[in-house]
Structure formats: structure tokens, C-alpha cells
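**Q** Here it is, the structure, as C-alpha cells.
The values are calculated or read from the model by the stated rules, or taken from the named source; none is laboratory data. Everything quoted here is computed from the prediction, not taken from an experiment. Please note: Cβ atoms are built from the backbone with ideal geometry, for glycine as well, and neighbour counts cover all protein chains shown. In case anyone asks, the SASA skips ligands and DNA or RNA and just uses the protein heavy atoms, side chains included. Shrake-Rupley method; radii C 1.70, N 1.55, O 1.52, S 1.80 Å.
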Amino acid sequence: DRLVSLTVKDDAQETSGVLSTADFRAIEAQTKTLTAVGAISYEGSVTLTGMGDPEQVSASLITAGVLTALGRQPVIGRTPRPDEDRRGGARVVVLSHGFWRERFAGSTDALGRTLTVNGEPHEIIGVMPEGFAIPGLPGRRLWPVLQLEEPTARPPFWLRVVGRLAPGSAIPQVSAELQSIAMTVKAKYPDSPPEWSYRVEDLKTRVVGGAGTTVLILYGAVALILLMASANVANLSLARTTSRIPELALRNALGADRRRISQQLLTEGVLVASLGGALGLVL
């Protein structure tokens, strides 16, 4: 609930999109309402060499602030430093937990070793926890640090930017601050459209969008299927009990009162339900 997404906003058309390097660096340097801000490239894979045959590995290039903004720490090693996402900095990479287990057998000796990513040697500096993923970008196995050159123009627009709200900050405050930052960027790059500013929204809304209604409909459909299955089981149980009327009458004639017979039927029902529930959980 503290994570936000930052995009370029076209006030004239009410549309928004990814940011440029110039936008990102300006926000990163000037923001006071965000404790951390990071950029992610849309690259979906990298070429990995030096570990057998060359292969394409699912990856996202990130700046140093991404993992800090997401509030996640590696299980071993460290997160990238700000000097490493600038041109001329050391080339480093963070591994997913699955890649680390598969290629390095979960050994801490992986730290400090080198992976050749897109033809460039990268030092392994950390391993993320099992199941970690950048919201909206699942299945990534590597996170090489993205080294951005100093911008000489506002375009191109290619970075997805995430941030973490500072204590006491809210989205309206961030939005007001971004309008001020947008003015400085427009002044530095006067050729960019004057109606372009920034939009901030919570990351959950940005990633999930309008899928909430669809998910609720699917939950309702699943609940109806479960209700139908329960009704079928209830009918089978009732039919089975009806077929046992002679047996129950004999028990009653031999001295079992209604309370004892009810206890027996309840015990049998609970036993069947427990076994069925346990099997359902396993499945």
C-alpha cells in the first residue's frame, strides 16, 4: 500500500505512458515525498554466455532503487548501489532464487562470480528470496543493473518507474511535487510538448487495472460450482441414509434411542467429511 507507479501524462489526451531517462533522473534527484524510486526496462530476456551453450534467459534490467522501493532484501548478498546504475559503474547482476539453486546449487560461493550478460561480464552481488517478482513482471530469473547514460534530450520514453511513499506522504502530495518537477524538465528540454506532465497512482491499480470485477465474477462461478457439488454430496448422503432405515429400525428395537442413533450418523458424517476435506486440500 506504499508502492506507486509513475508515468508520463498527456494532459491534452488524458493518456499516460512510460518515462524517459531525463524524467526518471529528475524525479530521482528532486523528490522528497518518495523514499526510493527505481526504473525498470521492458526488456524481457538477455543473452547468457559462458555457462555452456548461449541461451536466452528471462530478465528485467533495473536501476539501483527498484529493490529498495519494493522493500525486499536478498537472502544472501546485497542490493545494487546508486553508482552502479550509471554509465562507467561496475556491472552487477542479482539472481532469482530458482536460478541460483539451479546453476549454483544454492551455494554462497556464487557471490562474486561472473555471468556474461549480453556480452558483458557482470558480478553476482545478491540472490533474491524464493518467489520474489517485480509486480507485473513475473517469471524473471535475472535482474542485471541498468546503466543509464546522461540524457541529452527528453526522448525516448522506455522506462517503467516505481516508488515508495515517504512516511506521512500520500498520493496527492506526490502528485503536487511531480507537477513542480515536470516544470523543471520542460524548462530544460523546451522541445518536449508543454502539456506533458506526470501521473502517480498506486502500483496495485496500475498492475491489476480493472481486473477486480472479473476476479469477483470468477470467484462467484467457483462458489456456485462448489455449492452444486455440496448439494450432490448431500443428496447421496440422504439416499444412503434412507437405504439404512431397516438397519436403524433394528438398532432402535434392540434398545438404541434416537440420541445414540443420531450420534452414530453424525460421527460417520464427520469422518467422511474430514477425509474428503483432507483429500481436497491435497489435490
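**Q** Residues being in a strand (DSSP E or B) and either open to solvent by 60 Å² or more (accessible area, probe 1.4 Å) or not polar (S, T, N, Q) (or both): count how many of those fall in segment 171-203.
**A** Adding up the residues that qualify gives 6.
**Q** Got a sec? Which of SER243, SER237 is more than 26 Å from the chain's Cα centre (by Cα), surrounded by 15 or more Cβ atoms within 10 Å (Cβ to Cβ) and not basic (Lys, Arg)?
**A** SER237
**Q** On the given criteria, is ARG206 out of contact with any Asp or Glu (no Cβ under 7 Å at 6 or more places or on another chain), open to solvent by 70 Å² or more (accessible area, probe 1.4 Å), in contact (Cβ under 8 Å) with a residue 60 or more places away in the chain and of a type in the set (D, E, K, R)?
**A** Answer is yes for this residue.
Per-residue answers, yes or no, for (1) over 21 Å from ALA64 (Cβ atoms); (2) touching a helix residue (DSSP H, G or I) at 6+ places or on another chain (Cβ under 8 Å); (3) in contact (Cβ under 8 Å) with a residue 40 or more places away in the chain:
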{"site": "ARG2", "(1), (2), (3)": "no, no, yes"}
{"site": "SER16", "(1), (2), (3)": "yes, no, yes"}
{"site": "ALA29", "(1), (2), (3)": "no, no, no"}
{"site": "ALA39", "(1), (2), (3)": "no, yes, yes"}
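**Q** Shifting gears a bit: Determine whether PRO121 is at pLDDT 95 or above and assigned to a loop (DSSP other than H, G, I, E, B).
**A** It is false that PRO121 is at pLDDT 95 or above and assigned to a loop (DSSP other than H, G, I, E, B).
**Q** Please find, within segment 99-118, the residue that is farthest from GLY131 (Cα to Cα) out of those that are assigned to a helix (DSSP H, G or I) and open to solvent by 40 Å² or more (accessible area, probe 1.4 Å).
**A** Across segment 99-118, the extreme among qualifying residues is ASP109.
**Q** Right, another one. Go through segment 59-74 and count every residue that is over 26 Å from ALA187 (Cβ atoms) and surrounded by 16 or more Cβ atoms within 10 Å (Cβ to Cβ).
**A** Qualifying residue count, segment 59-74: 11.
**Q** On to the next question. Can you confirm whether TRP158 is within 27 Å of THR49 (Cβ to Cβ) and not small (Gly, Ala, Ser)?
**A** Working: within 27 Å of THR49 (Cβ to Cβ): yes; not small (Gly, Ala, Ser): yes.
Against the criterion (within 27 Å of THR49 (Cβ to Cβ) and not small (Gly, Ala, Ser)), TRP158 qualifies.
**Q** Kindly list the number of the only condition in (1) surrounded by 13 or more Cβ atoms within 10 Å (Cβ to Cβ); (2) within 15 Å of the chain's Cα centre (by Cα) that fails for SER45.
**A** For SER45, the failing item is (2).
**Q** Follow-up question, since we're still on this one. Cβ-Cβ under 6 Å, sequence separation 6+ or interchain: first residue in segment 162-188 and without any contact (Cβ under 8 Å) to a residue 24 or more places away in the chain, partner open to solvent by 20 Å² or more (accessible area, probe 1.4 Å) and not basic (Lys, Arg). Which pairs?
**A** none
**Q** Tally the residues that are surrounded by fewer than 17 Cβ atoms within 10 Å (Cβ to Cβ), touching a strand residue (DSSP E or B) at 6+ places or on another chain (Cβ under 7 Å) and not charged (D, E, K, R), restricting the search to segment 123-147. Steps first, please.
**A** First pass over segment 123-147, keeping only residues surrounded by fewer than 17 Cβ atoms within 10 Å (Cβ to Cβ): 123, 129-131, 133, 135-136, 138-139.
Subsequent filtering for residues that are touching a strand residue (DSSP E or B) at 6+ places or on another chain (Cβ under 7 Å) retains 123, 139.
If we keep only those that are not charged (D, E, K, R) too, we end up with 139.
Counting residues in segment 123-147 that are surrounded by fewer than 17 Cβ atoms within 10 Å (Cβ to Cβ), touching a strand residue (DSSP E or B) at 6+ places or on another chain (Cβ under 7 Å) and not charged (D, E, K, R) gives 1.
**Q** Taking the condition assigned to a helix (DSSP H, G or I) and open to solvent by 40 Å² or more (accessible area, probe 1.4 Å), does THR152 pass?
**A** On the way: assigned to a helix (DSSP H, G or I): no; open to solvent by 40 Å² or more (accessible area, probe 1.4 Å): yes.
Considered against the rule, which asks whether it is assigned to a helix (DSSP H, G or I) and open to solvent by 40 Å² or more (accessible area, probe 1.4 Å), THR152 comes out as no.
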